Structures are given as C-alpha cells and as structure tokens.
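Student: Let me begin by handing over the structure; questions about it come next.
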Amino acid sequence: MKTVKTSNGRKISIVTGADQNHVISHRDMEMDRRAKKAVQAAVEKADFCKKPIAKYDKAAKKAYIQYADGVKKYVE
C-alpha cells in the first residue's frame, strides 16, 4: 500500500492487489466487482448502439473518445 499526499494536504492510500485482502472488506470487494460489471455492461451497450465511448490511453496518458467507426479523438 502506498500513501500519496495531495496538493490540498489530504492523504490518499493506494491499495495494490497484494494488500487488497488486508485493507478492503469482503463487502467492499463485492461492491467493486459489481461496479466493474456495471461499467462493462454500459460500455458493451454503448458499443452495440454505435455510441461513442470515452477511454484512456495509458501510453499517451490522455483521454480520448472512440467512435463506432474506430476514429479516436483525443480530449484536450
């Protein structure tokens, strides 16, 4: 687990996979699992309906919108 201090002086704890069982309760893990499934379902529905989908390019460290025809438009 890593603790990061924000610009306004607050601390945020980043929990990695190895620390997850010690820090996050079973109920919270279940809630996270359900939230991930809900997001996955929403993305699949948007893709099926040919709607644009917001994504994140880890290599470029930028958000972009991907349209149904495959065109990517990076957000500034």
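Student: Pick out, from 56, 35, 70, the residue whose Cα sits farthest towards the positive end of the charge dipole of the chain, with +1 on the Cβ of Lys and Arg and -1 on the Cβ of Asp and Glu.
Tutor: 56
Student: Another question, then. What distance in nm separates the two pseudo spin-label positions at residue 58 and residue 28, each 7 Å out from Cα along the beta-carbon direction?
Tutor: Distance between the two pseudo-spin positions: 2.3 nm.
Student: Moving on to the next point. Where nothing but the Cβ of Lys and Arg (+1) and of Asp and Glu (-1) is charged, how large is the charge dipole of segment 25-76 around its Cα centre, in debye to the nearest 20?
Tutor: 20 debye
Student: Between 59, 41, 18, where does the largest GNM mean-square fluctuation fall for the chain, given springs only between Cα atoms within less than 10 Å?
Tutor: Between 59, 41, 18, it is 59 that shows the largest mean-square fluctuation.
Student: May I pose another question? Please state the equivalent ellipsoid semi-axes for the chain: what are the square roots of 5 times the Cα gyration tensor eigenvalues, largest first, in whole Å?
Tutor: Output for the chain: semi-axes of 30, 20, 10 Å.
Student: Can you tell me the orientation of helix 26-48 relative to the chain, as the angle in degrees between its alpha-carbon axis and the longest Cα principal axis, to the nearest 10?
Tutor: 10 degrees
Student: Ok, one more. Keeping to pairs on different chains or 8 or more places apart, tell me how many lysine pairs in segment 25-76 have Cα atoms under 18 Å apart.
Tutor: Close lysine pairs found across segment 25-76: 17.
Student: Based on the Cβ-Cβ distance of residue 19 and residue 72, what FRET efficiency does E = 1/(1 + (r/R0)^6) give at R0 = 35 Å, to the nearest 0.05? Show your work: numbers first, answer last.
Tutor: Details: r = 34 Å, r/R0 = 0.98.
Taking R0 as 35 Å, the efficiency between residue 19 and residue 72 is 0.55.
Student: Under the rule of -39500 (n - 2.57) per DSSP H run of 4 or more residues, summed and divided by the residues of the chain, what mean residue ellipticity at 222 nm is obtained, to the nearest 500 deg cm²/dmol?
Tutor: It comes out at -11500 deg cm²/dmol, rounded to the nearest 500.
A short reminder: the numbers here are calculations on the coordinates, not readings from a lab. From a predicted model like this one, the values you see are computed outputs, not experimental measurements. Positions of Cβ are generated from backbone atoms using ideal geometry, with glycine treated the same way; all protein chains shown enter the neighbour counts.
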